[in-house]
1. Take segment 1-16 and flag every residue that is modelled with pLDDT under 95 and either in contact with a Lys or Arg (Cβ under 8 Å, 6 or more places away or on another chain) or buried (at least 19 other Cβ atoms within 10 Å of the Cβ) (or both).
2. What is the number of the single condition among (1) surrounded by 19 or more Cβ atoms within 10 Å (Cβ to Cβ); (2) assigned to a helix (DSSP H, G or I); (3) free of Cβ contacts under 8 Å to residues at least 40 places away in the same chain that L104 does not meet?
3. Scanning for something open to solvent by 60 Å² or more (accessible area, probe 1.4 Å) and of a type in the set (K, R), does segment 108-123 turn up at least one residue?
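The values are calculated or read from the model by the stated rules, or taken from the named source; none is laboratory data. Only a predicted model underlies this, so the values are computations on that prediction, with no experimental measurement involved. No Cβ is skipped: glycine too gets one built from the backbone with ideal geometry, and neighbour counts run over all protein chains shown. For accessibility, only protein heavy atoms count, side chains too; no ligands or nucleic acids. Shrake-Rupley method; radii C 1.70, N 1.55, O 1.52, S 1.80 Å.
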Amino acid sequence: PLLEMATLCLTVALAAKEPGESRLATDVAIRAIEDGRLGTDNLGTTLRALLPGGMIKAARWAKTFTSVASVSDLHALVVQTSLRTCLQGDPSNYPRDFAKLLSLLRQLTLQLETSVDDPNCRSALRAIGGTGQASKLAKQLLAIESVPASNKVIAAQRQAIQSRMEHRGRFQPRSGGNM
């Protein structure tokens, strides 16, 4: 898997202002998800660490993650689950444009026929006050009823396992021989 520094560099690049940089980062993220090197375990945690700092434009993440998620249900599941991990904690620390991430989370939740069932994310969504777009989206996300794993989620999970099995040999060090 991508280690902490690689994931940090990638997530920062996914928010790059320069279109060429963000496109390259998007391509890397797509491939890393396909290879099983980028998943909800390392992406969501890094997103959660960067979001409150104010150094990332959430709207740029929303744009690049929309592109990543459009590749397959597996990509959509990784982005959706990572956003649920990211959107935990105190919403008053989020950047002003974080409603764009909520909008993407809502879109992916409906696409995958699932719900936001993570208690920490639900708690953060309940804490979003006011009457703005973020508040409306949070209420819509909370209103999506909890459902068992949909066929799309199960198929995406199978795809992830199959992909990791196919690529497993590529990432294991070879025994013997010269380096």
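1. Passing the criteria: P1, L2.
2. Every condition holds for L104 apart from (3).
3. No.
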